[in-house]
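**Student:** One structure follows; several queries about it will come next.
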Amino acid sequence: MADEVVLLDFWPSPFGMRIRITLAEKGIKYEYKEEDLRNKSPLLLQSNPVHKKIPVLIHNGKPICESLIAVQYIEDVWSNRNPLLPSDPYHRAQARFWADYVDKKVYDLGRKIWTSKGEEQEAAKKEFVEALKLLEEQLGDKTYFGGDNFGFVDIALVPFYTWFKAYETFGNFNIESECPKFIAWVKRCLQKESVSKSLPDPHKVYEFVVEIRKRIGIE
Amino acid sequence: MAKVYEVVKVFGTVGSPFAKRVQIALELKGVQYTFFEEDLRNKSELLLKYNPIHKKVPVLVHNEKALVESLVILEYIDEVWGSDQPILPQQPYHKALARFWSKFIDDKYMPAITKAAFSANKEEREKGSEETVEALEHLENELKDKFFGGESIGVVDIAAGHIAFWLPAIEEAVGLKLLTSDKFPKLHKWGHEYTNHPAVKKNLPQRERLVAFFKARYASIITASK
């Protein structure tokens, strides 16, 4: 039976990017459906009635919501190709911990940087850089967070790079000068086709953020 | 069963619903462990050594390897001490659903009930109550069997433990009435089944102490807000 895989997504979403990268890593063909978040499709509302959010992965009609859950689902189903999680339970737990850390820190702090001003923004920038430095420490001398192989934590984290130009412009700081090892890791990831083909141009993301800021009234 | 050479430690507090998740999971697997009770206002050196990043409980230490974040720990326990009492479903789609609902409890229900009971601002508390009821409604709809895990308890039941025991204690302490049996008949029944499950029953904190703790917390917040 041929698998039917659909991804409900929104092009600048780092969460959607995680699933795009995973599907590419596994060589899975899928239908990409762009959602208009101001006019959500009936399929989206039906597939994710609880959160009404993208991304949603739909496999043979069954929806899986929450990006890291969808990534693990793909790993569980297509387990024979390109494993993305370590086989040892302790290292798997570590990978899950760091992916969870990315969710708790990078997205929220990044968002604070481009939506706030003054002291609040300064505090967010400081915490954001600290988080990246901690991640750099975790990376150490490894090629990827997964070691020699690109894996779960790399997938969880690399999409946020597309938002760095927006963070840097509105936050008035330079991430590479603060965290050069982090950017070096990003560049290694971008050499992989599964990553470069799944990520939008950071300039386009920056323009998108300019638009939203106007729309929500941040000068 | 834990083999003789395995050393398992759990760092937590007697009242922590997150630590209880870990303890219940170990109980289900028949794993023996030593419990280290923490005073969260004066964290031990060991705790800070094992969880330097978040400095929180619970921490599971297995043969000197530390694991943190209760849901991550539950998956680890299930993978290491697998076999006959699985906590997560085997089938990938059901596993994904179990992960979704566990995350829902942590991302939506937990912050909502904290807001409903312990926000300084009255409007925030009212908003929190609305959000808690919304979260409970989703869970009420999701519950189709005796437990979220089906006939036996699973990761979602363990994650939802707060609703069965801590929520009623909070309601009594601060004067909330959210988990009513007419609005949530399934969750109500589930709460009884869950707290009476042998692995859960022996791991519950004393209700009076919990109520007293929440009363004190509520009082200090109300006082501070004046």
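The values are calculated or read from the model by the stated rules, or taken from the named source; none is laboratory data. What you are looking at is a predicted structure, and each value in this text was computed from that prediction instead of being measured. Every residue, glycine among them, receives a Cβ derived from its backbone with ideal geometry; neighbour counts consider all protein chains shown. SASA here: full protein model, heavy atoms, side chains in, ligands and nucleic acids out. Shrake-Rupley method; radii C 1.70, N 1.55, O 1.52, S 1.80 Å.
**Student:** Kindly report the accessible area of segment B:8-80 per residue (heavy atoms of protein chains, probe 1.4 Å, no ligands, DNA or RNA), in Å².
**Tutor:** Dividing the accessible area of segment B:8-80 by its residue count gives 41 Å².
**Student:** Please turn the phi angles of segment B:201-214 into ³J(HN,Hα) values with the Karplus equation 6.51 cos²θ - 1.76 cosθ + 1.60 (θ = phi - 60°), one per residue in order, whole Hz, x for glycine and proline.
**Tutor:** Whole-Hz 3J(HN,Hα) from phi for segment B:201-214: 3, 6, 10, 8, x, 6, 4, 4, 5, 5, 4, 4, 4, 5.
**Student:** Next up: Sequence-distant or interchain residues sharing an amide H contact under 5 Å with A:SER41, placed H: which?
**Tutor:** A:ASP36
**Student:** Could you provide, to the nearest whole Å², the per residue accessible area of segment B:92-224 with probe 1.4 Å?
**Tutor:** Working: 6400 Å² over 133 residues.
Here the per-residue accessible area is 48 Å².
**Student:** A further question on this structure: Hey, could you get me the Stokes-Einstein D for chain B, Kirkwood radius over alpha-carbon pairs, 25 °C and 0.890 mPa s, rounded to whole µm² s⁻¹?
**Tutor:** 134 µm²/s
**Student:** Same structure, new question: Treat each spin label as a single point 7 Å out from the Cα along the C-beta direction, and report the B:LEU204 to A:ASN82 distance in nm.
**Tutor:** 4.9 nm
**Student:** Output wanted: per-residue J couplings in Hz (rounded whole) for segment B:132-148, from phi through Karplus 6.51 cos²θ - 1.76 cosθ + 1.60, θ = phi - 60°, x for Gly and Pro.
**Tutor:** 3J(HN,Hα) across segment B:132-148, in whole Hz: 5, 4, 4, 5, 4, 4, 4, 5, 4, 5, 6, 6, 10, 10, 4, 10, 4.
**Student:** Then there is this: Would you compute the Debye intensity of chain A from its alpha-carbon atoms alone, equal scatterers and no solvent, and pass along log10 I(q)/I(0) at q = 0.10, 0.15 Å⁻¹ to two decimals?
**Tutor:** Normalising to I(0) and taking log10 leaves -0.45, -1.02.
**Student:** Using protein chains only (no ligands, no nucleic acids) and a 1.4 Å probe, work out which residues of segment A:88-115 have their accessible area cut by at least 50 Å² relative to the chain alone.
**Tutor:** A:PRO89, A:TYR90, A:ARG96, A:PHE97
**Student:** Starting from 0.36 nm per residue, how many nanometres of slack lie between A:LYS133 and A:LYS181 once their C-alpha separation is accounted for?
**Tutor:** Gain on extension, A:LYS133 to A:LYS181, equals 16.4 nm.
**Student:** Moving on. What does the average come to when, for each residue of peptide A:74-81, you count the partner chain Cβ atoms lying within 10 Å of its Cβ?
**Tutor:** 2
**Student:** Ignoring ligands and nucleic acids, what accessible area does B:TRP101 show with a 1.4 Å probe (Å², nearest 10)?
**Tutor:** 20 Å²
**Student:** Ok, one more. Fully extended, how many nm does the chain gain between B:SER152 and B:ASP84 (0.36 nm per residue separation, minus their Cα-Cα distance)?
**Tutor:** Length gained, B:SER152 through B:ASP84: 23.3 nm.
**Student:** Only four residue types carry charge here, +1 at the Cβ of Lys and Arg and -1 at the Cβ of Asp and Glu. Report the dipole size of the protein assembly as shown about the Cα centre in Debye, rounded to the nearest 20.
**Tutor:** Charge dipole, the protein assembly as shown, about its Cα centre: 500 debye, nearest 20.
**Student:** Oh, and also: Quote the total accessible area buried by chains B and A together, excluding ligands, DNA and RNA, probe 1.4 Å, nearest 100 Å².
**Tutor:** Between B and A, the summed buried area is about 2300 Å².
**Student:** Residue by residue through segment B:184-194, what is 3J(HN,Hα) from phi via Karplus (6.51 cos²θ - 1.76 cosθ + 1.60, θ = phi - 60°)? Round to whole Hz and write x for glycine and proline.
**Tutor:** So the J values, rounded to whole Hz, are 10, x, 5, 5, 4, 5, 4, x, 5, 4, 5.
**Student:** Now, a different point. Longer than 19 Å from Cα to Cα, which of B:LYS122/B:LYS177; B:LYS103/B:LYS201; A:LYS52/B:LYS103; A:LYS165/A:LYS192; B:LYS43/B:LYS115 are they? Say none if no pair is.
**Tutor:** B:LYS103/B:LYS201; A:LYS165/A:LYS192; B:LYS43/B:LYS115
**Student:** Tell me, how many Å apart are the Cα centres for segment A:130-183 and for segment B:5-63?
**Tutor:** If we compute the Cα centre of each part, the gap is 31 Å.
**Student:** State which entries of A:LYS133/A:LYS197; B:LYS9/B:LYS29; A:LYS126/A:LYS197; A:LYS112/A:LYS181; A:LYS133/A:LYS181 exceed 20 angstrom in Cα-Cα distance in the structure shown.
**Tutor:** Going by Cα-Cα distance, A:LYS133/A:LYS197; A:LYS126/A:LYS197; A:LYS112/A:LYS181 fall outside the 20 Å limit.
**Student:** Can you send over the carbon and sulfur percentage of the accessible area for segment A:1-131, probe radius 1.4 Å, protein chains only?
**Tutor:** C and S atoms contribute 50 percent here.
**Student:** Could I ask something else about it? For B:PHE36, list long-range residues whose amide hydrogen, built 1.01 Å from N in the peptide plane, is under 5 Å from its own amide hydrogen.
**Tutor:** Hits under the 5 Å cutoff: B:VAL10, B:PHE11, B:GLY12.
**Student:** To continue, here is another question. On a C-alpha basis, how far is the centre of segment A:12-83 from the centre of segment B:166-226 in Å? Whole number, if you could?
**Tutor:** 37 Å
**Student:** Further question: P(r) for segment B:8-80, please, calculated from all Cα pair distances in 5 Å bins and given in %.
**Tutor:** Histogram of Cα-Cα distances, whole percents per bin: 3, 18, 33, 28, 13, 4, 0.
**Student:** Of the heavy-atom accessible surface of segment B:46-161 (probe 1.4 angstrom), what whole percent is carbon and sulfur?
**Tutor:** C and S fraction of accessible area: 49 percent.
**Student:** To continue, here is another question. In the protein assembly as shown, if every C-alpha pair distance is counted and binned at 10 Å from zero, what percent goes to each bin?
**Tutor:** Taking every Cα pair in the protein assembly as shown, the percentages come to 4, 19, 29, 29, 17, 3, 0.
**Student:** Let me ask something else about it. Considering every Cα-Cα pair within segment B:92-224, what fraction, in whole percent, is farther apart than 17 Å?
**Tutor:** Across segment B:92-224, Cα pairs with separations above 17 Å total 59 percent.
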